[in-house]
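The values are calculated or read from the model by the stated rules, or taken from the named source; none is laboratory data. Note that the structure is a prediction, hence the values are computed from the model and not measured. Heads up, the Cβs are rebuilt from the backbone with ideal geometry, glycines too, and the neighbour counts pull from every protein chain shown. To get the accessible areas, we keep the full protein, side chains included, count just its heavy atoms, and leave off ligands, DNA and RNA. Shrake-Rupley method; radii C 1.70, N 1.55, O 1.52, S 1.80 Å.
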Amino acid sequence: MTPVLEISNLHHYFEKGTVNENHVLKGINLTMNPGEFITIIGGNGAGKSTLLNSIAGTLSTEIGKVMLNGKDVTKRSVMKRSSQVSRVFQDPKMGTAVRLTVEENLALALKRGQNRGFSAGVKNKNRAFFKEQLATLNLGLENRLGTEIGLLSGGQRQAITLLMATLQRPELILLDEHTAALDPKTSLTVMSLTEKLIHEQQLTAFMVTHDMEDAIRYGNRLIMLHQGQIVVDLPQSQKQDLTVAELMDLFHKNSGTELKDDQLLLA
Ligand SMILES: Nc1ncnc2c1ncn2[C@@H]1O[C@H](COP(=O)(O)OP(=O)(O)OP(=O)(O)O)[C@@H](O)[C@H]1O
Ligand SMILES: [Mg+2]
């Protein structure tokens, strides 16, 4: 079985060679097999977003290797990787084009990974498909095809961004605290939708969260990052009955750092 993702000896520095040099990722090794849904947790500044950015290609890699489905993509641009990797960010404004309508955004998503120019034209046959897809969200958005995305709520936009990220099945989906900016109820709706899409399309997913309970509840593998290193990596068999207290204890043992209980829970 070819792994979906293989990261070897990945280091990342910001402002290398200056007095502000920050060695953020310190030799990450990680293999993800098809169907794995990893939740990743770690304190502020641990390097979670940097890791996701290195996988997506928004940050270039000088030391180490990133492979996607057996292909070395270390030197590939974000654009080239986007046919394989899709992303949803914390900020609902990041994933969509605000001034375009819902259907125009979805039309762009259908062209992910292609050189799409700036034509967001919507064909009639696609319109029916978009309507059908939006209806599955159960948010009434199938009647808002012509609404500018910028006029929708954060939760509605995150739901559409998720749909856009999965409209063409990605080989890997990266979720960077994609529910953190939402109120608890909306966050739960978007999380349920996330689970449903991952399950239905049997996606391989990597989700950053600050909520230890969510990290335990969702996914089938749990990773903890601390100061740029993976200090905990648990398969489903070990994570399913885990409590937050046990997780904190594991972190303490493996990182040598005492964890204040709100340190990871708060965004
Ligand atoms: N573009 C950048 N330029 C310089 N330093 C950066 C940049 N992006 C991140 N950093 C630094 O790298 C470190 C890791 O940041 P990163 O965003 O990966 O952390 P994180 O684990 O995602 O944290 P959070 O939970 O707060 O989102 C931090 O010290 C941060 O200040
Ligand atoms: Mg982050």
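If you scan the range 188-214, which residues turn out to be of a type in the set (A, V, I, L, M, F, W, C) and open to solvent by less than 10 Å² (accessible area, probe 1.4 Å)?
Just the residues of the range 188-214 that are of a type in the set (A, V, I, L, M, F, W, C), to begin with: 188, 190-191, 193, 197-198, 203, 205-208, 212.
Passing the criteria: V190, M191, L203, A205, F206, M207, V208, M212.
Conditions: (1) within 16 Å of ligand 1 (Cβ to nearest atom); (2) in a loop (DSSP other than H, G, I, E, B); (3) of a type outside the set (V, I, T). G64 meets all but one. Number of the miss?
Every condition holds for G64 apart from (2).
I want to confirm something. Restricting to the range 67-78 and keeping residues that are aliphatic (A, V, I, L, M) and touching a Gly at 6+ places or on another chain (Cβ under 8 Å), which single residue is farthest from M164 (Cα to Cα)?
V73
Given the criterion open to solvent by less than 30 Å² (accessible area, probe 1.4 Å) and either on the phi > 0 side of the Ramachandran plot or hydroxyl-bearing (S, T, Y) (or both), identify the matching residue among T39, T58. Break it down into steps so the answer makes sense when it comes.
Details: T58 fails: open to solvent by less than 30 Å² (accessible area, probe 1.4 Å).
Answer to the check: T39.
Tally time: how many residues in the range 223-232 are without any contact (Cβ under 8 Å) to a residue 60 or more places away in the chain and open to solvent by 10 Å² or more (accessible area, probe 1.4 Å)?
1
Would you please name the residue that is nearest to ligand 2 (Cβ to nearest atom), looking only at residues in the range 71-84 that are open to solvent by 10 Å² or more (accessible area, probe 1.4 Å) and in contact with a strand residue (DSSP E or B) (Cβ under 8 Å, 6 or more places away or on another chain)?
Here the answer is T74.
When you look at S49, is it part of a loop (DSSP other than H, G, I, E, B) and either in contact with a helix residue (DSSP H, G or I) (Cβ under 7 Å, 6 or more places away or on another chain) or within 16 Å of ligand 1 (Cβ to nearest atom) (or both), yes or no?
No; evaluated as a whole, the condition is false for this residue.
Taking only pairs six or more apart or across chains, which ones have beta-carbon atoms under 6 Å, a first residue in the range 1-21 that is on the phi > 0 side of the Ramachandran plot and free of Cβ contacts under 8 Å to residues at least 60 places away in the same chain, and a second residue that is of a type in the set (D, E) and surrounded by fewer than 17 Cβ atoms within 10 Å (Cβ to Cβ)?
Note: pairs meeting the criteria are E15/E21.
Open to solvent by 20 Å² or more (accessible area, probe 1.4 Å), under 17 Å from S86 (Cβ atoms) and within 14 Å of ligand 1 (Cβ to nearest atom), is that true of E177?
So E177 fits the description; yes.
Identify all residues within the range 27-46 that are within 16 Å of ligand 2 (Cβ to nearest atom) and either charged (D, E, K, R) or part of a loop (DSSP other than H, G, I, E, B) (or both); write none if there are none. Steps first, answer last, please.
First, pick out the residues of the range 27-46 that are within 16 Å of ligand 2 (Cβ to nearest atom): 28, 38-46.
Those that are within 16 Å of ligand 2 (Cβ to nearest atom) and either charged (D, E, K, R) or part of a loop (DSSP other than H, G, I, E, B) (or both): G42, G43, N44, G45, A46.
Can you name every residue in the range 1-33 that is within 15 Å of ligand 1 (Cβ to nearest atom) and polar (S, T, N, Q)?
T18, N20, N22
Among what's in the range 171-190 and is modelled with pLDDT of 95 or more and away from ligand 2 (no atom under 16 Å from the Cβ), pick the residue that is nearest to F89 (Cα to Cα).
Going through the qualifying residues, I end up with I173.
Give just the number: which of (1) modelled with pLDDT of 95 or more; (2) of a type in the set (K, R); (3) closer than 19 Å to Q227 by Cα does K71 not satisfy?
For K71, the exception is condition (3).
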